[in-house]
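The values are calculated or read from the model by the stated rules, or taken from the named source; none is laboratory data. What you see is a predicted model; the values in this text were computed from it and never measured. Glycine gets a Cβ as well: all are built from the backbone with ideal geometry, and neighbour counts include every protein chain shown.
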């Protein structure tokens, strides 16, 4: 009987912990990931390559003829939906006061991600940039907040003089 008491205590602790911790998955978002450019393809392509190089992003592949640039997987530390590049959901645990009805949200994750940039020729010397990103943490998929796409576009637009 004395040997079972520690096992019983551990089981009670695990049941209490598991029953009070909840997870809220990220909600799908509509983000802007396509950006128009009033400059020719070659100018936008060169600016995009320069922006990626300045940000020291690991290029996985690029092919000018198709307009596609892919990055390799990279780590994004301390991501959260309020000011990060992605939303991976929220883990809710009981608040510090022990009140089980009040929860404290933990939403900062170490994330890995990669993205594709597609520079597409349009009519009359114009083109568009489309940036598709993928983020994940462990076995969980995350959704983009649109900050990475907007930030990269801002750098490219500045380089082409828009």
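Some points to look at:
- Filter result for the condition that a residue is loosely packed, with under 11 Cβ neighbours inside 10 Å and under 22 Å from residue 130 (Cβ atoms), over 87, 65: 65
- Residue pairs meeting the criteria (Cβ under 7 Å; at least 6 apart or on separate chains; first exposed (fewer than 14 other Cβ atoms within 10 Å of the Cβ), in the range 140-161; second in a helix (DSSP H, G or I)): none
- Matching residues in the range 71-84 - criterion: being part of a strand (DSSP E or B) and crowded, with 16+ Cβ neighbours inside 10 Å: 71, 76, 79
- Members of the range 30-44 found to be in contact (Cβ under 8 Å) with a residue 24 or more places away in the chain and outside any loop (DSSP other than H, G, I, E, B), listed by number: 34, 35, 36, 37, 41, 43, 44
- Within the range 46-62, restricting attention to residues that are touching a strand residue (DSSP E or B) at 6+ places or on another chain (Cβ under 8 Å) and in contact (Cβ under 8 Å) with a residue 24 or more places away in the chain, the residue that is surrounded by the most Cβ atoms within 10 Å (Cβ to Cβ) is 48.
- Restricting attention to the range 134-162 and to residues that are in a strand (DSSP E or B) and out of contact with any strand residue (DSSP E or B) (no Cβ under 7 Å at 6 or more places or on another chain), the residue that is farthest from residue 67 (Cα to Cα) turns out to be 140.
- For the range 104-133, taking the residues that are under 13 Å from residue 26 (Cβ atoms) and assigned to a strand (DSSP E or B), the one that is modelled with the highest pLDDT is identified as 111.
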